[in-house]
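S.K.: Have a look at this one before I ask anything.
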Amino acid sequence: MSVPSSSSWFLFTSLLVFFLFMMDSDSFCLAKPTNTTRQNRQLSVDYYAKSCPQVEQLVGSVTSQQFKVSPVSGPATIRLFFHDCFIEGCDGSIFIASKPGSKVLAEKDAEDNKDLRMEGFEGIRKAKALVEGKCPGVVSCADILAIAARDYVHLAGGPYYQVKKGRWDGKISMASRVGSNIPRANSTVDQLIKLFNSKGLTVEDLVVLSGAHTIGFAHCKQFLTRLYNFRNTNQPDPNIDPRLLKALKMSCPHYGGNLDIVAPFDVTTPFLFDHAYYGNLQNKLGLLASDQDLSLDPRTKNMVQDLAKDKHKFFQAFAVAMEKMGLIDVKRERKHGEKRKDCSMHM
Ligand code: HEM
């Protein structure tokens, strides 16, 4: 687990701060309802109205405090929510700790989850402890994560939206289920579309949810081949701005670099949840190949153009898509789920 030390990302921001780009675009539809809307009917905004009416305030007091002392908690938690939902559904299974001595590792210890930042887990642990103190045994870890992710989107400057609640925590958490359910930095657009479709999400949802990369950071290893040996050509990716390439190469040497160094996804406004991500893609300033490809593929590039020119449209679509993502395979009954007191341990 690594935290962007101020020196690592400051190197980037100082080199890249001159990148300020504007963009234009075309038409595109907001996220359409899919099969996840069936579960939609079963969750509700006021699910805890009687059992824990203050749950949102309690979680909010922790998220706002965490955001002040450690702003990376924002991207960390939003990514945590994404990984939780894509593996076994939005059921808090990402928080389960592996049993000491057991050969079967839990989700969070899978290779693809190793870079999930500690700050995300810590914030949810604190929020859960606070909620348990006021409403013991009532609110699921899965719902606390959904609320916290929304809070951080808003705290970072993004849209505020209502969170539907009523998820139960899942009983299964296995590292072996992670690899095939999480997209990779070098996934093709085809692979991304297939994976998102398998979760009931559309190609529009893919483009819109990828906009979460308007904040946060990635480690050098995630984009190193783009810089030095793109698709075995021994050349950099031709679809990367030469100034960004230079800056990234300075911090991420081909061999022997510091494994903790990270670069911001959004080189123009790395801490602001805005729509700059899409304009950056149009200007070849995407960090991962999977991001950059969205502005090149004929199935997604018009949406990128569209979102780049309209922040309001992005915000609306993002709120809808987050709600859809938050409905993936939710558990709604005791026989499928539990309400854990400690998110890291089964009941
Ligand atoms: C579409 C396919 C996606 C791919 C291939 C992808 C891949 C990645 C990778 C490789 C990282 C960097 C990890 C690291 O080096 O520490 C990352 C970070 C991040 N991802 Fe994604 N991601 C995708 C979609 C999403 C979605 C749908 C969301 C949320 C809705 C999301 C939210 C984030 C955030 C906020 C970060 C920054 C985390 C931090 O700074 O701690 N990503 N992603």
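Each reported figure results from applying straightforward, stated rules to the coordinates on display, with no laboratory input. As the structure is a computational prediction, the values presented were derived from the model and not from experiment. Here Cβ is always computed from backbone atoms with ideal geometry, including for glycine, and neighbour counts include all displayed protein chains.
S.K.: What order, most packed first, do the peptides 189-200, 270-281, 293-304 have when packing is the mean number of other Cβ atoms within 10 Å of each residue? Numbers along the way, then the final one.
M.R.: On the way: 189-200: 16.6, 270-281: 24.2, 293-304: 19.4.
Top of the packing list down: 270-281, 293-304, 189-200.
S.K.: Okay, next question. Sorted by packing (mean other beta-carbon atoms within 10 Å per residue), highest first, where do 321-327, 339-345 land? Before the final figure, lay out each step's value.
M.R.: Working: 321-327: 25.0, 339-345: 17.4.
Top to bottom by mean Cβ count within 10 Å: 321-327, 339-345.
S.K.: If you don't mind, another one. So, R0 is 35 Å and r is the distance between the beta-carbons of LYS134 and LYS99; what FRET efficiency does that work out to, to 0.05?
M.R.: On the way: r = 30 Å, r/R0 = 0.85.
After rounding to 0.05, the efficiency reads 0.70.
S.K.: Against the longest alpha carbon principal axis of the chain, how many degrees, from 0 to 90 and to the nearest 10, is the axis of helix 141-155 turned?
M.R.: 40 degrees
S.K.: Quick one: length gained pulling TYR255 to LYS311 fully straight, 0.36 nm per residue minus the C-alpha distance?
M.R.: Between TYR255 and LYS311, full extension yields an extra 16.3 nm.
S.K.: Here is a follow-up. Between GLN57 and ASN302, what is 0.36 nm times their sequence separation minus the Cα-Cα distance? Round to one decimal in nm. Write out the running numbers ahead of the final one.
M.R.: Numbers: separation 245, 0.36 × 245 = 88.20 nm, distance 3.90 nm.
Extending this stretch completely gives an extra 84.3 nm.
S.K.: Then there is this: Take the chain, connect every pair of alpha-carbon atoms lying under 10 Å apart with a spring to form a Gaussian network, then pick out the residue of CYS135, CYS85, CYS220 with the largest mean-square fluctuation.
M.R.: Checking each option, the largest mean-square fluctuation is seen for CYS135.
S.K.: Could you list the square roots of 5 times each eigenvalue of the Cα gyration tensor of the stretch 80-120, that is, the equivalent ellipsoid semi-axes, sorted largest first and rounded to whole Å? Write down the numbers at each step before the final one.
M.R.: On the way: eigenvalues 58, 29, 15 Å².
Values for the stretch 80-120, descending: 17, 12, 9 Å.
S.K.: Still on this model: Using the Karplus equation 6.51 cos²θ - 1.76 cosθ + 1.60 (θ = phi - 60°), what ³J(HN,Hα) coupling, rounded to whole Hz, does each residue of the stretch 88-95 give in order, writing x for Gly and Pro?
M.R.: With the stated coefficients, the stretch 88-95 comes to 6, x, 6, 9, x, 5, 5, 8 Hz.
S.K.: What order, most packed first, do the peptides 206-215, 179-188 have when packing is the mean number of other Cβ atoms within 10 Å of each residue?
M.R.: Working: 206-215: 25.8, 179-188: 15.5.
Order by mean packing, descending: 206-215, 179-188.
S.K.: What's the center-to-center distance, using Cα atoms, between the stretch 232-296 and the stretch 40-68 in Å?
M.R.: Computed from Cα coordinates, the inter-centre distance equals 36 Å.
S.K.: Counting only residues 5 or more places away or on other chains, whose amide H sits under 5 Å from the amide H of VAL72 once H atoms are built in the peptide plane?
M.R.: none
S.K.: A further question on this structure: Could you work out the Kirkwood radius for the stretch 53-175, taking every pair of different alpha carbons, averaging 1/r and inverting it, reported in Å?
M.R.: Values: mean 1/r = 0.0689 Å⁻¹.
For the stretch 53-175, the Kirkwood estimate is 14.5 Å.
S.K.: Along the stretch 215-227, what does the Karplus equation 6.51 cos²θ - 1.76 cosθ + 1.60 (θ = phi - 60°) give for ³J(HN,Hα), rounded to whole Hz, x for Gly and Pro?
M.R.: Each residue of the stretch 215-227 in turn: 10, x, 9, 10, 6, 3, 4, 6, 9, 4, 5, 4, 7 Hz.
S.K.: In addition: Using the alpha-carbon atoms, what tilt in degrees (0 to 90, nearest 10) does helix 73-86 show relative to the longest principal axis of the chain?
M.R.: The two axes meet at around 70 degrees.
S.K.: Between GLU333 and LYS50, 0.36 nm times their residue separation minus their Cα-Cα distance comes to what? It would help to have the intermediate numbers written out before the result.
M.R.: On the way: separation 283, 0.36 × 283 = 101.88 nm, distance 1.84 nm.
Result for the pair: 100.0 nm of gain on full extension.
S.K.: Two-decimal Rg/Rh of the chain from alpha-carbon positions, Kirkwood Rh?
M.R.: Checking Rg against Rh, the ratio lands at 0.96.
S.K.: Quick one, what does Rg over Rh come out to for the stretch 127-200 if you take C-alpha atoms and the Kirkwood Rh? The partial results should precede the final answer.
M.R.: On the way: Rg = 16.1 Å, Rh = 15.2 Å.
Reported Rg/Rh (Cα atoms, Kirkwood Rh): 1.06.
S.K.: Cα-Cα over 24 Å: which of LYS103/LYS221; LYS164/LYS313; LYS126/LYS313? Don't skip to the end; give the middle numbers.
M.R.: On the way: LYS103/LYS221 27 Å; LYS164/LYS313 21 Å; LYS126/LYS313 34 Å.
Violating the 24 Å Cα-Cα cut-off are LYS103/LYS221; LYS126/LYS313.
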